[in-house]
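Encoded as structure tokens, the structure appears first; notes follow it.
Quick note: the coordinates plus some simple rules give every number you see, no bench work behind them. Source: prediction; values computed, not measured. Note that each Cβ is placed from the backbone with ideal geometry, even for glycine, and that neighbours are counted across all protein chains shown.
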Amino acid sequence: MLDHQWKKSSYSDGGGNCLEARLTETDGVEVRNSKAPELGSVKFTASEWDAFIAGAKDGQFEIPR
């Protein structure tokens, strides 16, 4: 579960190729590149984040291999 501290996925490969996420002050979600946090972040509303997570769970963002 997200909170206001930056968090990486437990599925991260440990090589630094991952994203970090945290809750914003307005209960949205902020996402950044863990290898380059100085480049800033992207913010999403709670409903945008929920829609993305639902799509990810449904496999809509899978990379064809």
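Residue check: is residue 62 part of a loop (DSSP other than H, G, I, E, B), touching a His at 6+ places or on another chain (Cβ under 9 Å) and free of Cβ contacts under 8 Å to residues at least 60 places away in the same chain?
Details: part of a loop (DSSP other than H, G, I, E, B): yes; touching a His at 6+ places or on another chain (Cβ under 9 Å): no; free of Cβ contacts under 8 Å to residues at least 60 places away in the same chain: yes.
In short, no.
Scanning region 19-51 for residues that are among the small types (Gly, Ala, Ser), assigned to a loop (DSSP other than H, G, I, E, B) and in contact with a Gly (Cβ under 9 Å, 6 or more places away or on another chain) returns a single hit, 34.
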